[in-house]
Amino acid sequence: MNSNIFICIIVMAAVTYFIRVLPLVLIRGKIKNRFFRSFIYYVPFVTLSVMVFPSILTSTSSFISALIGFVIAVTVSFLGAGLPVVSLFAVAAVFVSELFIR
Amino acid sequence: MNTFKIYRRGVRDGMPVFFGYLAVSFSFGILAKSLNIPSAAAVLMSAANFTSAGQFAAVSSISAGVGYIELALMQFIINLRYFLMSSALSQKISDKPPFFHRFLMAFGNTDEVFALAVSYKGELTPSYFYGLMTAALPGWVTGTALGVISGNFLPARVLSALGIALYAMFIAIIIPPARKSKIVAGIVASSMTASFLFSKLPVLKNISSGFRIIILTVLISAAAAALFPVETEEDYE
């Protein structure tokens, strides 16, 4: 290792914090412009969707178990279950399906 | 509701993140150890950065002898999505509490904490956000420590199953509003399709996942804002 690990950690933490804090400091009030307000309204849905798919399919040790977990999570959530329940069902579905796969 | 009650609610809502983080940072700890990163440094990295993808990429490059500027650039690209998330968060939080809260909240704005915070019904207060952080941060740091120390105390099967927990959480957050609104449902479906295509098509698949998130978020949110503008403040949930 050529670089000092602790300086590396400081550099990383500074960059990451800067990105996170900047908008919170710059955007103080409610955005009035309708386009930007709408844009910000849609950001969470798009970001979370893009992060989920297709990465979720490689989040476990097998594609099949991940696919089953994905379908179960969407179904259980669609039926109205809350967040902890959806998570538990997905984890359980992956665990059980992997008992059969391996 | 008083402040402490709201804080406790945040802690409770954050418990799935605690367990999800435990699993993910456990793998991070194992990876760091296998790359000969000192245990204390790995734990400190988790406590100071509180970000998954950035840390995974960092330990690999650090063990390969990355330079500081290259490391800073890499973190900037991988974590730029937080810029969009913090922008969205700025519209969700109440402007009544003192300004300094924003400096503390910014530190805890991870993908998962953000997801829970924006799905909170009503105006977001710092106490709720701190509740989420109280659950999430110890999960992240403890998991890292367990990973570097024990190396292998969770069976591989359990670790694999837990790998899906945080993704399932995101699903639990986007499906209910998608069920209520056809527009949101369409946006969720197109975002997933676009993301899938970006990961498979030639040229596009070479774009890093950090950039993919940013490009698609900006493009699709802008298109949605132009096509389906949100009318009133009350629409913002």
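Laboratory data are not the source of any read-out in this text; all were calculated from the coordinates shown. From a predicted model like this one, the values you see are computed outputs, not experimental measurements. Quick reminder, even Gly has a Cβ in these numbers, built from the backbone with ideal geometry, and neighbours come from all protein chains shown.
Just checking the output field for B:66-73: average partner chain Cβ neighbours within 10 Å of each residue's Cβ?
So the per-residue partner count for this stretch is 4.
List, in order, the whole-Hz ³J(HN,Hα) value for each residue of region A:70-78 obtained from phi through the Karplus relation with A = 6.51, B = -1.76, C = 1.60 and θ = phi - 60°; use x for Gly and Pro.
Along region A:70-78, the couplings run 4, 4, 4, 4, 5, 4, 4, 5, 5 Hz.
Suppose only helical runs count, i.e. DSSP H with n ≥ 4. What mean residue ellipticity at 222 nm does that imply for chain B under -39500 (n - 2.57) per run, divided by all residues and rounded to the nearest 500 deg cm²/dmol?
Mean residue ellipticity at 222 nm (helix-derived): -25000 deg cm²/dmol.
How big is the C-alpha Rg of the protein assembly as shown next to the rule-of-thumb value 2.2 N^0.38 Å, as a ratio? Could you put the intermediate results ahead of the total?
Working: Rg = 19.2 Å, N = 339, 2.2 N^0.38 = 20.1 Å.
Working it through for the protein assembly as shown, the quotient is 0.95.
Reachable lysines from B:LYS33, Cα under 20 Å, same-chain residues fewer than 8 places away excluded?
By straight Cα distance, B:LYS33 reaches no lysines at all.
Just checking the output field for B:87-95: average partner chain Cβ neighbours within 10 Å of each residue's Cβ?
Counting Cβ atoms of other protein chains within 10 Å of each residue's Cβ and averaging gives 6.
Do any chymotrypsin sites (Phe, Trp or Tyr not before Pro) in region B:57-139 lie in a DSSP loop with no more than 15 other beta carbon atoms within 10 Å, and if so, which?
B:PHE99, B:PHE100
So what are the ³J(HN,Hα) numbers for region B:191-197, from phi and the Karplus equation (6.51, -1.76, 1.60; θ = phi - 60°), rounded to whole Hz, Gly and Pro as x?
5, 5, 4, 4, 4, 4, 4
Please work out the Cα center distance from region B:50-90 to region A:1-59, rounded to the nearest Å.
Between the Cα centres of region B:50-90 and region A:1-59 lies a distance of 10 Å.
Within 10 Å of each Cβ in peptide B:112-124, how many partner chain Cβ atoms are there on average? Round it to a whole number, please.
Average per residue, whole number: 2.
Report, in listed order, any pair from B:LYS180/B:LYS205; A:LYS30/B:LYS121; A:LYS32/B:LYS96; B:LYS5/B:LYS182; A:LYS32/B:LYS5 with a Cα-Cα distance greater than 25 Å.
Among B:LYS180/B:LYS205; A:LYS30/B:LYS121; A:LYS32/B:LYS96; B:LYS5/B:LYS182; A:LYS32/B:LYS5, the Cα-Cα distance tops 25 Å for B:LYS180/B:LYS205; B:LYS5/B:LYS182; A:LYS32/B:LYS5.
Angle, helix A:83-101 long axis vs. longest principal axis of chain A, Cα atoms, 0 to 90°, nearest 10?
Between helix and principal axis, roughly 50 degrees.
Could you sort A:65-73, A:52-60 so that the peptide with the highest average Cβ count within 10 Å comes first and the rest follow in order?
Peptide ranking by packing, descending: A:65-73, A:52-60.
Trypsin sites (Lys or Arg not before Pro) within region A:1-67: which are DSSP loop residues with at most 16 other Cβ atoms inside 10 Å?
Those satisfying the criteria are A:ARG28, A:LYS30, A:LYS32.
On C-alpha positions alone, give me the angle between the axis of helix A:5-26 and the longest principal axis of chain A, in degrees, nearest 10.
80 degrees
Zone of A:ILE7 (label point 7 Å along Cα→Cβ, backbone N under 20 Å): which residues in region B:58-91?
Taking a point 7 Å out along Cα→Cβ of A:ILE7, the residues of region B:58-91 whose backbone N falls under 20 Å are B:58-76.
Restricting attention to the alpha-carbon atoms of chain A, what are Rg (one decimal) and Dmax (integer), both in Å?
Values for chain A (Cα only, Rg and Dmax): 19.9, 55 Å.
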